[in-house]
1. For the range 118-162, divide the Cα radius of gyration by the Kirkwood radius and give the resulting Rg/Rh value with two decimals.
2. Taking the Cα centre of the range 296-406 as the origin, how large is its charge dipole in debye, to the nearest 20, when only Lys and Arg (+1) and Asp and Glu (-1) carry charge on their Cβ atoms?
3. Provide the FRET efficiency to the nearest 0.05 for the LEU44-HIS287 pair, computing r from the beta carbons and using R0 = 35 Å.
4. Rounded to the nearest 5, what % of DSSP beta bridges with both residues in the chain are antiparallel?
5. Specify the inter-centroid distance of the range 304-321 and the range 65-87, based on alpha-carbon positions, in whole Å.
6. Might you tell me the accessible area per residue for the chain, computed with a 1.4 Å probe and given in Å²?
7. For the range 156-218, what does the relative contact order come out to in percent, with C-alpha contacts under 8 Å and a separation of six or more?
8. Mind jotting down the three principal axis lengths of the range 12-144 based on Cα atoms? Whole angstrom, largest first.
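The values are calculated or read from the model by the stated rules, or taken from the named source; none is laboratory data. For clarity, every value in this text was computed on a predicted model and none was experimentally measured. Methodologically, a virtual Cβ is constructed for each residue, glycine included, from the backbone with ideal geometry; neighbour enumeration extends over all protein chains shown. Accessible surface areas use protein heavy atoms only, side chains included; no ligands, DNA or RNA. Shrake-Rupley method; radii C 1.70, N 1.55, O 1.52, S 1.80 Å.
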Amino acid sequence: MPHERFQFTGVGGHQLAAALDTPDGPIKAYALFAHCFTCGKDVLAAKRIAVALAAKGIATLRFDFTGLGSSEGDFANSTFTSNVADLVRAADHLRETREAPAILIGHSLGGAAILAAAGRIPEAKAVATIAAPSDPVHVTHFFKDRIEDIRAQGEGEVSLAGRPFRIKREFLDDVAEQNLMAQVKQLHKALLVMHSPTDDTVGIDNATNIFIAAKHPKSFVSLAGADHLLSGKQDAAYVADVIGAWAERYVDLAPQPVADAGSAPRNVVVQETRNGKFQQIVTTGPHRLIADEPVAVGGDDTGPGPYDFLLTGLGACTSMTMRMYADRKSLPVDRITVTLQHNKIYAKDCEECETREGMLDQIDRVIRIEGDLDPDQRKRLMEIADKCPVHKTLTSEVRIVTKAAE
């Protein structure tokens, strides 16, 4: 699945690292995913669920909260409230650059955060929680033996999942002041609660509290046998399958029809994914492609290179133009195949070229025409190849106007 990496500005002014997993084909809807406490966007459960949803046509945005993963800032300065605000910022970024998320998904404390953020994302129609606590204060149980010291000293270091983190008194005060169940009662969105009955990190009673507080439409799915972090690959796949099927009832997941733009040219937008040195995401209308460079020149070879796209344009235009002529003249052409290659040659080796010094670009184009045609018909078709619009563009004077975006 295409994978884009970028940054957006959080409420604290820090750059937050984000990843957007998108479908190979049309995007049916956008989802926003909130990861578990002290985890990150690249935790296995988040990655697996996002990729699986992308395979179902749902583009999923996940990001590192302040001070985690590749995001800027100090984790100690973040609170539950600031994380909720950053989720709203992430939704704002999607709205400004793509489309606002219709589906919100949260895992563990991220589930509590997504419930708190849902009311501030009006376009969201469906909310799913996975192993979420019903009260954010639940996370303090992981370092309950350090709470008195943190309150007395203003901050303290705790060990979470084998890693050291600094927790401040402000964080304790913030989670203690949350009234999440009141927000769940006013959710006014479809809710899916998913929880394992054997979760020994966040007990199943939390799912019960959320489910009882919520108004319909609401659903509960048991993740029997799964652990809190959804370590099993099959568990993450199951969660994605259920969310995808459940969301269809509340979100229009039919690909949006492409508006008829007549003969108006479509924009081609090329943007770095920040996944690898050269990888780009290419968007034109409803179509999305990956561009890259070969490994030999420092790329990862995850997609065609710039000259590959150039040759693709010429080859496609050549074949289409020949097909239009053949159909118009009722020629018995079964199939047209165009093979192209780009090279640099010495100008002195080109007798018909005006340039006599240095190097020149040469495109070799080999056209195979299958069908019961006579020599004159084949000759005429070969002449038509040079009349394709892209061929004319490449062999005429081209003016490229470059300006900085406002």
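1. Result: Rg/Rh = 1.17.
2. Values: 16 positive and 20 negative charges, 78 e Å.
Using only the charged Cβ atoms, the result is roughly 380 debye.
3. Taking R0 as 35 Å, the efficiency between LEU44 and HIS287 is 0.70.
4. The answer is about 60 percent antiparallel.
5. Rounded to whole Å, the Cα centres lie 45 Å apart.
6. I get 53 Å² per residue for this part.
7. 30 percent
8. Sorted largest first, the three principal extents are 47, 29, 28 Å.
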